[in-house]
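Written below as structure tokens is the structure these notes are about.
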Amino acid sequence: MANANLLLHPVRARILRTLLGADELTTAQLRDRLPDIAPATMYRHVATLAQAGILEVVAERQVRGTVERSYRVRQEQALVDEEARTAMTKDDHRQAVTVFAGSMIGDFDRYLARDDAEPAREGVLYRQGAVWLTADEFTELVEEIEAAVARRTRTAAEDGRTRHILSLALVPDKSAVQEPDPGVDPGADPGADSDA
């Protein structure tokens, strides 16, 4: 598992998002998809991710005297695990969320900049919801979401599929204190008949 600083660097985060859900891409193909990243910067960050074991080389071929490598994300390595999250300070989390939010906004801006972008027709969705959960229910919810995404991660671009970017943040809302119902006695038995 990687640490947050390695994964949440803005350029590396974009490289990983570009590779997620793709079979494999060369650095040249990554540059085509991320033309605003300078070639030297792209090569440096791809090398960093490969050295950390987050990217794996799946093919090599000779191209004009150099070796061209195709990369794929090792998804089990592209996570900030519980141990690494536990070691993070509040400032580390603040910085990580800033990079995450900035990346999400950048993805959305790049989408809207396309002449063919049609948010309503293409089902663009951004929403927040709130649920009251025990610790066990929260763990179950996270597992369900991760399983739902994992089932669809290895699908290909064929058959009219469009790649979608899913960004998810789960945050406890400790400011939301459940207020007691003023008409209910907190010590009363909820199953008792009030007329007895």
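The values are calculated or read from the model by the stated rules, or taken from the named source; none is laboratory data. Source: prediction; values computed, not measured. All Cβ positions, even for glycine, are placed from backbone atoms using ideal geometry, and neighbour counts span all protein chains on display. We work out accessible area using only protein heavy atoms, side chains counted, and drop any ligands, DNA or RNA first. Shrake-Rupley method; radii C 1.70, N 1.55, O 1.52, S 1.80 Å.
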Next item on the list: Per DSSP H run of at least 4 residues, take -39500 (n - 2.57); add these up for the chain, divide by its residues and hand me the 222 nm value, nearest 500 deg cm²/dmol.
Entry: -13000 deg cm²/dmol
Check: How large is the dipole of segment 45-152 about the Cα centre if only Lys and Arg carry +1 and Asp and Glu carry -1, each at its Cβ, rounded to the nearest 20 debye?
Finding: 580
Checklist line | Contour minus Cα-Cα distance for GLU76 and THR48 (0.36 nm per residue) | finding: 8.4 nm
Checklist line | For Cα extents along the principal axes in Å, calculated from these coordinates, the label among [x] 91, 42, 28; [y] 63, 46, 45; [z] 71, 37, 29 | finding: [x]
Item checked: Net charge, THR162 excluded, C-beta distance under 13 Å - Lys, Arg +1, Asp, Glu -1 -> 0
Item checked: Rounded percent of accessible protein surface that carbon and sulfur make up, the chain, 1.4 Å probe -> 52
Checklist line | Dipole magnitude of the chain, debye to nearest 20 (Cβ charges: Lys/Arg +1, Asp/Glu -1, about Cα centre) | finding: 1820
Next item on the list: With a Förster radius of 30 Å, plug the Cβ-Cβ distance of ALA101 and ARG33 into 1/(1 + (r/R0)^6) and report the FRET value to the nearest 0.05.
Entry: 0.90
Notebook entry, point to check: Are there any helices in the chain, counted as whole DSSP H runs, that stretch 24 Å or more along their axis by Cα and score at least -0.5 on average by Kyte-Doolittle, and if so which?
Noted result: 90-112, 135-153
Check: Once label points are set 7 Å from the Cα along Cα→Cβ at both LYS174 and GLU158, what is their separation, rounded to one decimal in nm?
Finding: 5.1
Item checked: Accessible area of segment 62-182 divided out per residue, in Å², using a probe of 1.4 angstrom -> 87
Notebook entry, point to check: Of the beta bridges DSSP finds with both residues in the chain, what % are antiparallel, to the nearest 5?
Noted result: 90
Notebook entry, point to check: For segment 1-48, taking Cα atoms only, what is the radius of gyration to one decimal and the Dmax to the nearest whole Å?
Noted result: 10.3, 29
Notebook entry, point to check: Modelled label-to-label distance, ALA130 and GLU24, 7 Å Cα→beta-carbon offset: nm?
Noted result: 4.8
Margin query: Which residue fluctuates most in the GNM of the chain (Cα springs below 10 Å): VAL46, VAL73, VAL149?
Written below: VAL149
Next item on the list: Would you mind telling me which residue in ALA50, ALA130, ALA150 has the biggest mean-square fluctuation in a Gaussian network model of the chain, where springs connect alpha carbons within a distance under 10 angstrom?
Entry: ALA130
Notebook entry, point to check: Taking every eigenvalue of the Cα gyration tensor of segment 68-137, multiplying by 5 and rooting it, what semi-axes result, largest first, whole Å?
Noted result: 28, 22, 15
Item checked: Surrounding net charge for ASP136, when Lys and Arg each add one and Asp and Glu each subtract one, Cβ distance under 13 Å -> -4
Check: Any idea how far apart ALA148 and VAL57 come out in nm if each label point goes 7 Å out from Cα toward Cβ?
Finding: 3.9
